[in-house]
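These notes are about the structure you will find just below.
The values are calculated or read from the model by the stated rules, or taken from the named source; none is laboratory data. Just so it is clear, the model here is predicted, and its values are computed rather than measured. Note that we place each Cβ from the backbone using ideal geometry, even for glycine, and neighbour counts take in every protein chain shown.
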Amino acid sequence: MIKRTLRTLVAALPFVALAAHADEPYPWGVQVQPSKFLFGNEIDTHLNVRLARDGSLYGFFYVAFTGVVTQDGLPVATHVDCTTSSGCSAGWRVAGKPASATLLYQPMHDHPVFVVKRQHMPQPGSYSHFHWLGQAMPQVDKSVDGYLLQLMAMNRFCFIHHEAGMASSAATCRGNGGVPVQPGVDIATHLNIVASPPMGM
């Protein structure tokens, strides 16, 4: 009887793990003072990180799921203000390293593009996003302090940075203007750094 019960429990373990995974293990607000770090701008509404003793950051980048599932089976997620919205989920684990970068230009409906010198890129790592410190938007051709961020996706989803509410289940993730995300290293969804300005700029 005991052996049969143990076999039943062991067989059920994967399903228990799946159920635990389905519930958000890192709800918004779980990383609290005294070690919470703020950038001092809009990113703080969906990024929750701590400052380590060596000056690096670690924590989570949050999204909200819209309820739409794309034609290729990916649930649509986007950034929202998690300080006023319920239902934010940790989309990525984040690691950050302090750095300086120069604003190159600001494309419409996308992340501002920064130049980061190759010798300033942390190694090893997959740092693909730079975000500045302070409220003011950096000026073009001016160097600004901030952090290089490395993103590790925690689940599979379709990330749409803008206009996710317009996403259609009749189109694929890319057809909706989104980026398909799989668990692991993500260098696509928030890519906004280059090593040198394009020719002619």
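Considering region 168-201 alone, what residues qualify as being of a type in the set (Asp, Glu) and over 12 Å from the mean Cα position of the chain (by Cα)?
none
Could you tell me how many of the residues in region 143-199 are surrounded by fewer than 22 Cβ atoms within 10 Å (Cβ to Cβ), at pLDDT 95 or above and among the acidic types (Asp, Glu)?
Within region 143-199, residues that are surrounded by fewer than 22 Cβ atoms within 10 Å (Cβ to Cβ), at pLDDT 95 or above and among the acidic types (Asp, Glu) number 1.
If I filter region 67-74 for residues that are crowded, with 19+ Cβ neighbours inside 10 Å, within 19 Å of Tyr147 (Cβ to Cβ) and either in contact with a Leu (Cβ under 6 Å, 6 or more places away or on another chain) or modelled with pLDDT of 90 or more (or both), do I get at least one hit?
No, the conditions are met nowhere in region 67-74.
Could you please find all residues in region 49-70 being more than 16 Å from Gly91 (Cα to Cα), part of a strand (DSSP E or B) and either basic (Lys, Arg) or without any contact (Cβ under 8 Å) to a residue 60 or more places away in the chain (or both)?
Arg50, Leu51
Which condition number in (1) touching a Lys or Arg at 6+ places or on another chain (Cβ under 9 Å); (2) closer than 22 Å to Val80 by Cβ is the one that His131 fails?
Here His131 meets the rest and fails (1).
State yes or no: is Lys97 of a type in the set (Lys, Arg) and closer than 21 Å to Phe61 by Cα?
Here the answer is yes, as Lys97 does meet what is asked.
Quick one: His111 ticks every box in (1) under 20 Å from Val185 (Cα atoms); (2) at pLDDT 90 or above; (3) assigned to a loop (DSSP other than H, G, I, E, B) bar one, so which box is it?
So the condition that His111 fails would be (2).
Any idea which of (1) out of contact with any Ser or Thr (no Cβ under 9 Å at 6 or more places or on another chain); (2) at pLDDT 95 or above is the one Cys88 doesn't satisfy?
Evaluating Cys88 over (1) out of contact with any Ser or Thr (no Cβ under 9 Å at 6 or more places or on another chain); (2) at pLDDT 95 or above leaves (2) as the failure.
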